[in-house]
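Readers should treat all values here as calculations from the given coordinates under stated rules, not as data from a laboratory. Computed from a predicted model, the values in this text were never measured in an experiment. Ideal geometry is used to build each Cβ from the backbone, glycine not excepted, and the neighbour counts take in all protein chains shown.
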Amino acid sequence: MRAEQAVPLPGLFRMETSPKLRYQQFAEECERLAREAKTDHHRAVLKEMAQAWRQLADGAAAKKK
């Protein structure tokens with residue numbers, strides 16, 4: 001008897017993204033969350049996180065050169 005193998009559904013294969021692109025996406029998500037934040041404190045923390053992700057993206061881009 002042959003064991004069945006799970007085959008991913010079409011469209012579920014993920015392409016590998018560069019660290020720079022992932023970091024930029026994280027920064028954008030933090031900025032989106034900051035716009036929706038209910039308190040000044042949460043907004044400030046999320047903006048700070050976005051800035052940190054942008055710095056990581058810049059560093060990843062510089063490393064690649």
If you place +1 on the Cβ of every Lys and Arg and -1 on the Cβ of every Asp and Glu, how big does the dipole about the Cα centre of the stretch 19-64 come out, in debye to the nearest 20? 180
Furthest towards positive pole of dipole, 19, 39, 51, structure part the stretch 19-64, Cβ charges: 19
